[in-house]
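Data first, discussion second: the structure below is written as structure tokens.
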Amino acid sequence: RALPASLREEIGTLDLSRLVLTGLEADLILIHGRDDPLVPYTETVELANAAGAEQTRIYLLRGLQHVDIGALSASDLETLLRATYRVLSYRDATGGEPP
């Protein structure tokens, strides 16, 4: 609420809840910090739900603060490795080219 109206309006344009994503033909790999001070991780969960569980994988990290990686726990490192493996597997399966 403390942000200028113009910035709040611009941020509002990023709201994906207005979009119908059921026809999206993409696999989504979403990585988000559980304690993100700017964007709640629940926004990522809602994006995944809107796109469909079949094509979406969510990786939530405690040590990720929006765009800054803080102290990652062993669990965070494992999660990040699984996400990285999925990205690289997708890259290898597609030859690095978009579908």
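The values are calculated or read from the model by the stated rules, or taken from the named source; none is laboratory data. As the structure is a computational prediction, the values presented were derived from the model and not from experiment. Please note: Cβ atoms are built from the backbone with ideal geometry, for glycine as well, and neighbour counts cover all protein chains shown. In case anyone asks, the SASA skips ligands and DNA or RNA and just uses the protein heavy atoms, side chains included. Shrake-Rupley method; radii C 1.70, N 1.55, O 1.52, S 1.80 Å.
So if the hydrodynamic radius of the chain is defined as the Kirkwood radius over C-alpha pairs, what does Stokes-Einstein give as its diffusion coefficient at 20 °C and 1.002 mPa s, in µm² per second?
Value of D from the Cα-based Kirkwood radius: 140 µm²/s.
Residue by residue through region 13-21, which ³J(HN,Hα) values in whole Hz follow from phi under the Karplus form 6.51 cos²θ - 1.76 cosθ + 1.60 (θ = phi - 60°), with glycine and proline marked x?
Whole-Hz 3J(HN,Hα) from phi for region 13-21: 5, 7, 5, 7, 5, 7, 9, 8, 9.
Search the structure for amide H atoms under 5 Å from the amide H of G70, placed 1.01 Å from N in the peptide plane, and list their residues when 5 or more places away or on another chain.
L64, Q65
What's the center-to-center distance, using Cα atoms, between region 1-47 and region 51-99 in Å?
Going from one Cα centre to the other spans 17 Å.
Compute the accessible area per residue over the chain, keeping the other protein chains in place, probe 1.4 Å, unit Å².
Ligands and nucleic acids excluded, the result is 75 Å² per residue.
Which percent, to the nearest 5, of DSSP beta bridges fully inside the chain are antiparallel?
25 percent
Nothing charged except the Cβ atoms of Lys and Arg (+1) and of Asp and Glu (-1): what's the magnitude of the dipole of the chain about its Cα centre? Round to the nearest 20 debye.
180 debye
Mind giving me the FRET efficiency for D92 and E25? R0 is 35 Å, r the Cβ-Cβ distance, nearest 0.05 is fine.
In this case the efficiency is close to 0.95.
Around Y59, which amide H atoms from residues at least 5 apart in sequence, or from another chain, sit under 5 Å from its own amide H, with H modelled in the peptide plane?
Those qualifying (amide H under 5 Å, at least 5 residues apart or on another chain) are L30, I31, H32.
If the elastic network links every pair of Cα atoms under 10 Å, which of I29, I69, I11 fluctuates the most in the Gaussian network model of the chain?
Greatest mean-square fluctuation among the candidates belongs to I11.
Projecting each Cα onto the charge dipole of the chain (Lys/Arg +1, Asp/Glu -1 at the beta carbon, about the Cα centre), which of L88, A53, S75 comes out farthest on the positive side?
The listed residue farthest towards the positive side: S75.
Once a ≥ b ≥ c are taken as the square roots of the eigenvalues of the Cα gyration tensor of region 12-67, is the result rounded (a/c under 1.5), prolate (a/b larger than b/c) or oblate (a/b not larger than b/c)?
oblate
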